[in-house]
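For reference, the structure discussed in these notes is given below.
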Amino acid sequence: MTPLRTAVLVATALAAFAGNSILCRAALADGHADPASFTFFRVACGAAMLVVITRARGKVALPILSRGTALRALSLVAYAGLFSWAYVRVPAGVGALVLFAFVQLTMILGALRMGAGPRGAQWAGLALALGGLASLTLPGTSAPDPVGLCLMAGSGVAWGLYSLLGGRTATPLATTAAAFVSAVPLAAAVAVVALVLGRFACDAEGLLLAAVSGAVTSGLGYAIWYAVLPALGATRAAVVQLAVPVLAALAGVILLAEAPSLRLALASAAVLSGIALATLSRSTARGR
């Protein structure tokens, strides 16, 4: 794979990941869908797209009937559901920052539990990142909704757990497709409960936004990411994802007319710098 093609694919995948925040926020903030309906249609469309992509690449068995897939499906629904409920309350940039930070922090703590966690400068990076997150909760007129922050933090932890559960698979695309397929009944159950409670609503625009989020920015986005991942390596892959919250924040300002704030800018700088320091330091330690 040429450097130019790698760069284009990386940029496309990162834009897709940021696009999930924009699409979800646009659907929920403007009342085109509720969290339950958006989650269900996103997961269902994502499953359909991933199955098509997986089948197009050959006869690849999807490990649907396995304990690992069940755990990944639960993590996936928790991530997608909490993600949707959080975006009723917080702007796209704030949500992406908190999501990304807790994904990375969960994975670093998972490495610590397995004896490969932070050491030396890595702890400084974690402290800086946590300090940046804490600054978002300080009282003030620009303080984000605390419930929304907690929901997005939970979403980040769920996706971090999903990543840890699938981190050692030899077929990441097929594994992700199996998890999405297995998650559809779970998302449907949540949707049924919302319907019974009279809280399931989705118009044509909301359905379109959820379908694009599931099929394009999730399904195609993951397929592109897994295609380019071997060319990046684990460290560079972790670092380039630092761009996702920045892209989401910029898109939120441009496309959704969300007001930028100095608090978010400073918190973003601290969180992204801290995660970069922890990631790069971990890579250096492994290379010794």
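The values are calculated or read from the model by the stated rules, or taken from the named source; none is laboratory data. If you're wondering where the values come from, they're calculated on a predicted model, not measured in any experiment. When we count neighbours, we look across all protein chains shown, and the Cβ atoms used for this are built from the backbone with ideal geometry, even at glycine. Each accessible area value is taken on the protein alone, full model and side chains, heavy atoms only, with ligands, DNA and RNA left out. Shrake-Rupley method; radii C 1.70, N 1.55, O 1.52, S 1.80 Å.
Overview of results
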| quantity | calculated |
| --- | --- |
| Criterion violated by SER66 - all others in (1) modelled with pLDDT under 95; (2) open to solvent by 50 Å² or more (accessible area, probe 1.4 Å) satisfied | (2) |
| Neighbours by Cβ (under 6 Å, 6+ apart or cross-chain): first from the stretch 256-277, of a type in the set (Ser, Thr, Tyr); second buried (at least 22 other Cβ atoms within 10 Å of the Cβ) | SER268/LEU97 |
| Verdict on ALA13 being farther than 27 Å from LEU197 by Cβ, surrounded by 23 or more Cβ atoms within 10 Å (Cβ to Cβ) and either modelled with pLDDT under 90 or within 13 Å of the chain's Cα centre (by Cα) (or both) | yes |
| Output for the stretch 230-256, where each listed residue is more than 21 Å from ALA7 (Cα to Cα) and either of a type in the set (Phe, Trp, Tyr) or modelled with pLDDT of 90 or more (or both) | GLY252, ILE254, LEU255, LEU256 |
| Condition check for ARG55: more than 23 Å from LEU133 (Cα to Cα), free of Cβ contacts under 8 Å to residues at least 24 places away in the same chain, open to solvent by 10 Å² or more (accessible area, probe 1.4 Å) and part of a helix (DSSP H, G or I) | yes |
| Whichever residue in the stretch 188-234 is among the aromatic types (Phe, Trp, Tyr) and in a helix (DSSP H, G or I) and, among such residues, is farthest from the chain's Cα centre (by Cα) | TYR226 |
| Every pair of residues 6+ apart whose Cβ atoms lie under 7 Å, when the first sits in the stretch 69-90 and is surrounded by fewer than 23 Cβ atoms within 10 Å (Cβ to Cβ) while the second is among the β-branched types (Val, Ile, Thr) | ARG89/VAL147 |
| Members of the stretch 205-242 that are without any contact (Cβ under 8 Å) to a residue 24 or more places away in the chain and over 24 Å from VAL52 (Cα atoms) | GLY233, ARG236, ALA237 |
| Sole residue being closer than 21 Å to PHE83 by Cα and open to solvent by less than 30 Å² (accessible area, probe 1.4 Å), chosen from ALA183, ALA201, ALA174, ALA189 | ALA183 |
| Condition met for ALA44 (in a helix (DSSP H, G or I), out of contact with any strand residue (DSSP E or B) (no Cβ under 9 Å at 6 or more places or on another chain) and open to solvent by 10 Å² or more (accessible area, probe 1.4 Å)) | yes |
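Residue-by-condition table, conditions (1) among the basic types (Lys, Arg); (2) under 27 Å from THR171 (Cβ atoms); (3) in contact with a strand residue (DSSP E or B) (Cβ under 7 Å, 6 or more places away or on another chain):
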{"site": "ALA36", "(1), (2), (3)": "no, no, no"}
{"site": "ARG67", "(1), (2), (3)": "yes, yes, no"}
{"site": "SER75", "(1), (2), (3)": "no, yes, no"}
{"site": "PHE83", "(1), (2), (3)": "no, yes, no"}
{"site": "LEU97", "(1), (2), (3)": "no, no, no"}
{"site": "THR106", "(1), (2), (3)": "no, yes, no"}
